[in-house]
1. Once Lys and Arg get +1 and Asp and Glu get -1 on their Cβ, which of T127, G145, L115 lies farthest toward the positive end of the dipole of the range 102-153?
2. Please report, as a whole percent, how much of the solvent-accessible surface of the range 85-175 comes from carbon and sulfur atoms (probe radius 1.4 Å).
3. Please list, ordered by chain and number, the residues whose modelled amide H lies under 5 Å from the amide H of L129; skip anything fewer than 5 residues away on the same chain.
4. Given Cβ point charges of +1 (Lys, Arg) and -1 (Asp, Glu) and nothing else, what value in debye, to the nearest 20, does the dipole of the range 2-45 about its Cα centre take?
5. Using the structure shown, list the pairs from K8/K81; K8/K30; K29/K163; K21/K113 with a Cα-Cα distance above 30 Å, or answer none.
6. How big is the range 69-175 on each of its three principal axes, counting only the C-alpha atoms and giving the largest first in Å?
7. Give a residue-ordered list of calculated ³J(HN,Hα) values for the range 51-66 (Karplus: 6.51 cos²θ - 1.76 cosθ + 1.60, θ = phi - 60°; whole Hz; x for Gly, Pro).
8. Describe numerically, in nm with one decimal, the distance between label points set 7 Å from Cα along Cα→Cβ at K121 and at D59.
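The values are calculated or read from the model by the stated rules, or taken from the named source; none is laboratory data. Bear in mind that the values here come from a model prediction, so they are computed numbers and not experimental data. Every residue, glycine as well, gets a Cβ built from its backbone with ideal geometry; the counts of neighbours run over all protein chains shown. For the accessible areas, the whole protein counts, side chains as well, though only heavy atoms, and no ligand, DNA or RNA atoms are used. Shrake-Rupley method; radii C 1.70, N 1.55, O 1.52, S 1.80 Å.
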Amino acid sequence: MAHETVGKILYDYDQITARAKELAEEISKKYEGEELIVIGTLKGSVMWMSELLKYLTVDTAIDFIRASSYGSSTTSSGVVKISMDTEMNLYHKNVLVVEDIVDTGTTLTYLLKKLQDRNPKSLEVCTMLDKPSRRTTGFQADYIGFEVDDLFIIGFGLDFDQKFRNLPYISYLQD
Ligand code: PRP
């Protein structure tokens with residue numbers, strides 16, 4: 001990956017925001033009349049989370065959690081740890097975890113178990129991207145923006161070695 005370059009645009013900004021709006025409307029309908037705590041998984045989810053939030057019409061609070069499973073390489077270490085925890089009390093609250101990508105499913109399997117232990121009223125996951133071809137767990141998100149092939153995805157929050165997160169579109173790395 002010494003001479004990595006940015007590939008084609010898989011999803012542009014308009015497509016991403018349109019999809020975020022659709023899913024936010026679906027989520028708002030489900031939680032109508034109730035409160036929701038949206039938890040973003042740092043760092044990758046920040047851009048997708050901000051798009052979703054704009055279109056949620058229920059009473060919404062936000063929080064963050066940081067679970068890391070990748071070092072600075074293109075493959076998962078398989079080891080997950082919470083390096084920054086949520087601030088809010090989740091007991092008997094509706095919780096929506098917002099993720100950038102579900103790959104093997106290791107991170108969210110671990111995270112959901114930890115969050116479930118706090119006895120929320122409900123616990124769901126909205127991911128911008130799903131890469132089912134890489135799944136090694138039974139994890140399935142409740143809301144999925146787009147399904148992607150087994151490429152090294154970058155942009156709109158996703159990085160390679162902390163770079164490319166700021167691209168306003170979803171792309172991939174190519175040699
Ligand atoms: C990425 C991504 C997911 C996870 C997906 O996080 O944001 O949390 O990997 O992989 P998995 O399904 O195989 O567990 P990363 O640890 O790279 O942190 P980041 O969000 O800060 O980039």
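1. Going by the charge dipole, the pick is L115.
2. Values: 1910 of 4230 Å².
C and S fraction of accessible area: 45 percent.
3. Here the answer is I101, V102, G145, F146, since their amide H atoms fall under 5 Å of that of L129.
4. Numbers: 6 positive and 9 negative charges, 37 e Å.
So the magnitude is around 180 debye.
5. Details: K8/K81 33 Å; K8/K30 35 Å; K29/K163 36 Å; K21/K113 28 Å.
Too far apart for the 30 Å limit: K8/K81; K8/K30; K29/K163.
6. 47, 28, 25
7. With the stated coefficients, the range 51-66 comes to 5, 4, 4, 4, 10, 6, 10, 8, 5, 10, 10, 10, 8, 9, 9, 10 Hz.
8. 0.9 nm
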